[in-house]
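The values are calculated or read from the model by the stated rules, or taken from the named source; none is laboratory data. Since the structure is predicted, the reported quantities are computational estimates derived from the model, not experimental observations. Note: ideal-geometry Cβ built from the backbone for every residue, glycine included; neighbour counts use all protein chains shown.
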Amino acid sequence: MTEPLIQLEEIAFGYAGRPVFSGVNLALQAGERLALVGGNGAGKSTLLELMVGLRQPSFGSVKLLGQNCASEAEFQPMRGQVGLLFQDSDDQLFCPTVLEDVAFGPLNQGLDEAQAKAVAMRTLASLGMEAFAMRITHRLSGGEKRLVALASVLAMQPKVLLLDEPTNGLDDNARQRLLAHLLSLPQAMILVSHDSGVIGTLATRAVLLQEGTLTEGMLHRHPYQHSHNQLHIHPTP
């Protein structure tokens with residue numbers, strides 16, 4: 001088996017002396033779309049942030065694309081290759097216009113202004129958002145901001161996508177278009193979503209984060225309709 005794109009070994013983390021999780025081991029292989037599932041407050045968003053160095057574990061190691069990462073200097077060049085979509089789009093968008101927000105990453109990767117804007121426009125077009133290029137970002141709706149935030153990640157052409165609630169704020173039509181687009185992408189992904197349709201459509205594998213530990217899960221789809229969700233995720237026996 002090839003080396004994982006992301007590998008966590010014996011990760012522990014806590015807030016102010018309160019442990020959130022410990023002994024977390026995870027490996028993401030090329031082509032996988034991994035659902036990270038757990039209740040509110042389980043630490044799912046924290047674990048994604050830890051993968052790109054925005055939080056530091058109290059114990060354990062992080063390896064991205066075969067490189068050990070512990071310091072900011074080691075994580076920083078990896079963030080264009082391991083793209084994190086934050087749960088709150090306002091944490092991701094900070095430029096005056098949509099085009100500037102989406103071009104920001106490519107500019108920081110070394111493209112000149114014309115090249116970065118061309119990449120940004122192609123990325124916006126792929127999400128049906130090209131008409132929004134000159135819109136003022138902070139005046140967009142929540143769903144529009146969500147798509148722009150995703151475009152800002154995709155414009156850097158990362159090898160891995162970490163998607164925290166990617167369909168937040170989207171209406172049903174936009175949600176379906178987004179799922180179809182994500183399904184067409186070649187990148188490996190880690191998905192956090194309370195929308196079972198997102199997990200059911202995209203995930204090829206699942207892990208459960210509960211009571212501070214991470215365990216392998218089993219995606220279980222019923223062939224007939226229930227009054228509750230059709231997708232269930234159980235611990236692997």
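Being part of a loop (DSSP other than H, G, I, E, B), in contact (Cβ under 8 Å) with a residue 60 or more places away in the chain and among the small types (G, A, S) narrows it down to one of G128, G80, G110, so name that one.
Numbers: G128 fails: in contact (Cβ under 8 Å) with a residue 60 or more places away in the chain; G110 fails: in contact (Cβ under 8 Å) with a residue 60 or more places away in the chain.
Only one candidate passes the filter, namely G80.
Here region 57-96 is the region considered, the condition is being polar (S, T, N, Q) and surrounded by 15 or more Cβ atoms within 10 Å (Cβ to Cβ), and the residue that is nearest to G17 (Cα to Cα) is Q87.
For region 101-115, the set of residues classified as over 14 Å from K145 (Cβ atoms) and among the charged types (D, E, K, R) consists of D112, E113, listed by residue number.
Which is surrounded by 13 or more Cβ atoms within 10 Å (Cβ to Cβ), assigned by TED's automatic domain parsing to the domain that holds V198 and at pLDDT 95 or above, of L54, L111? Give the steps one after another, and end with the answer.
Numbers: L111 fails: assigned by TED's automatic domain parsing to the domain that holds V198.
Result: L54 is the single residue among L54, L111 that is surrounded by 13 or more Cβ atoms within 10 Å (Cβ to Cβ), assigned by TED's automatic domain parsing to the domain that holds V198 and at pLDDT 95 or above.
Of the residues making up region 185-203, just one is at pLDDT below 95 and loosely packed, with under 15 Cβ neighbours inside 10 Å, namely H194. The set of residues in region 168-184 being in a helix (DSSP H, G or I), surrounded by fewer than 17 Cβ atoms within 10 Å (Cβ to Cβ) and of a type outside the set (K, R) consists of D172, N173, Q176, A180, H181, L183, S184. Here A180 fits the description: more than 20 Å from D90 (Cβ to Cβ) and of a type in the set (G, A, S).
Of the residues making up region 143-161, none is touching a residue at least 40 places away in the same chain (Cβ under 8 Å), over 30 Å from L34 (Cα atoms), out of contact with any Phe, Trp or Tyr (no Cβ under 8 Å at 6 or more places or on another chain) and not assigned by TED's automatic domain parsing to the domain that holds Q7.
Can you tell me which residues in region 137-162 are farther than 16 Å from A120 by Cβ, more than 16 Å from the chain's Cα centre (by Cα) and not in a loop (DSSP other than H, G, I, E, B)? Listed by number, the residues that qualify are H138, R139, G142, G143. Taking each residue of region 46-60 that is part of a helix (DSSP H, G or I) and looking for partners that are surrounded by fewer than 20 Cβ atoms within 10 Å (Cβ to Cβ) and polar (S, T, N, Q) with beta-carbon atoms closer than 9 Å, six or more apart or interchain, yields L48/Q87; L50/Q56.
Residues of region 8-45 that are buried (at least 19 other Cβ atoms within 10 Å of the Cβ) and among the polar types (S, T, N, Q): S45 alone.
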